[in-house]
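The next block holds one structure in the form of structure tokens; read it before the comments.
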Amino acid sequence: MNFAILTSGGDAPGMNAAIRAFVRRGIALGHQVWGIPRGFDGLVHGNPVPLNAASVANILMTGGTILRTSRFPDFTHQTVQEQALERLRAHAVDGLAVMGGNGSLAGAGQLSRQGFPIVAIPASIDNDMPGTDYCLGFDTAMNNIVGSVDKIRDTASAHERIFVVEVMGNRSGHLAIAAGLACGAEAIIIPERPTDYGHIASQLQATFARGKKHSFIIVAEGAGDARSTAGALARLTGHEAKWVVLGHIQRGGPPTAQDRLMAALLASKAVELLDQGQHGRMVALRDGSITDLSFEEVAHGTVPTPINWLSLAEILAR
Ligand code: F6P
């Protein structure tokens, strides 16, 4: 059969390792695999390219996506989805894997409801997809943040400063919480919970009173910007506060071993599902096992943001 794969939405480190696994596992099962460049936009306006074992050589360790990606809001329109289905049928594609975050999953669901065989592979540094404990890219992004904060810590200590570090996460604070806990932040500000600046300021004052030479606040972009957070905390504490926005540095660079491993397991499972004629399903990590669940079950699943780690981070930073 002909199976195709596309990457959509924000790229996530590990996408290339997943493309490689999908292609090579698909070939091993006796299928021809195609890549659709530029996500759903490419599905409507572009052409699939044949992929073989050699075309995915030496990409395991690279960030980004060789298929490139796009955000394509027009895909919510029924007429555009029909165009996509026509293109898939014209190219004799028998099954499609969509790799991306929540927006991509919504697009996959729309095509699936119209009867096309689709599977989804969760990939988002935000780790905010319901139904799976892990989305590709999260571990690499977390390592990128921790590595950057380790560097900032040197200069923060030298100047005895507060540093506000803004990380990605528009609607989700999972990345901020996990990275904040991993780098010993004094406070973590997330979109899911209102911020008590007075409480953070008194924590920071107590921290400096205990003789600590620096303080870190991690703020998820959806919860406020680093600059105004630093301004507010400087006013409330009377202490110098600097700010930094890590931005897309978080999404780049080689995927960690964890992301490469997850990519191999999740993408192989995705092509195995298509091979078995199962579709309308997302592959997932749940309770330590690779599994799959229907798009319907995903829609009713919970997002694994560990809100209770916020108070733990506060205790451990003392
Ligand atoms: O969804 C993943 C993500 O990295 C979010 O954390 C962030 O808000 C968004 O993508 C940024 O998207 P873009 O690269 O299109 O600006």
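The values are calculated or read from the model by the stated rules, or taken from the named source; none is laboratory data. Keep in mind that what you see is a predicted model, and the values were worked out from it rather than measured. Quick reminder, even Gly has a Cβ in these numbers, built from the backbone with ideal geometry, and neighbours come from all protein chains shown. Protein only, heavy atoms only, side chains kept; ligands, DNA and RNA dropped before computing areas. Shrake-Rupley method; radii C 1.70, N 1.55, O 1.52, S 1.80 Å.
Residues in the stretch 1-55 that are in contact (Cβ under 8 Å) with a residue 12 or more places away in the chain, hydrophobic (A, V, I, L, M, F, W, C) and assigned to a helix (DSSP H, G or I): M15, A17, A18, I19, A21, F22, V23, I27, F40, L43, V44. All conditions but one from (1) open to solvent by less than 10 Å² (accessible area, probe 1.4 Å); (2) small (G, A, S); (3) under 13 Å from Q250 (Cα atoms) apply to G109; the one that does not is (3). The sole residue among D128, D154, D133 that is open to solvent by less than 30 Å² (accessible area, probe 1.4 Å) and of a type in the set (D, E) is D128. Taking each residue of the stretch 72-89 that is in the same structural domain as D41 (by TED's automatic domain parsing) and looking for partners that are outside any helix (DSSP H, G or I) with beta-carbon atoms closer than 7 Å, six or more apart or interchain, yields Q81/Q114; L85/Q114; L85/F116; L88/L96; L88/F116.
Taken over the stretch 215-256, residues that are surrounded by fewer than 20 Cβ atoms within 10 Å (Cβ to Cβ), touching a residue at least 12 places away in the same chain (Cβ under 8 Å) and not in a helix (DSSP H, G or I) amount to 11. Among helices (runs of 4 or more DSSP H) entirely within the stretch 81-190, having at least 3 residues that are away from the ligand (no atom under 16 Å from the Cβ) singles out 102-113, 138-159. The number of residues in the stretch 11-60 being within 16 Å of the ligand (Cβ to nearest atom) and open to solvent by 20 Å² or more (accessible area, probe 1.4 Å) comes to 3.
Every condition in (1) part of a helix (DSSP H, G or I); (2) more than 16 Å from the ligand (Cβ to nearest atom); (3) charged (D, E, K, R) holds for D259 except the one numbered (2). Suppose the filter is of a type in the set (S, T, Y) and more than 21 Å from G107 (Cα to Cα); does S55 pass it? When the stated conditions are applied, S55 passes them. So which residues in the stretch 295-313 are buried (at least 16 other Cβ atoms within 10 Å of the Cβ) and over 19 Å from the mean Cα position of the chain (by Cα), if there are any at all? The answer is W309, L310, A313.
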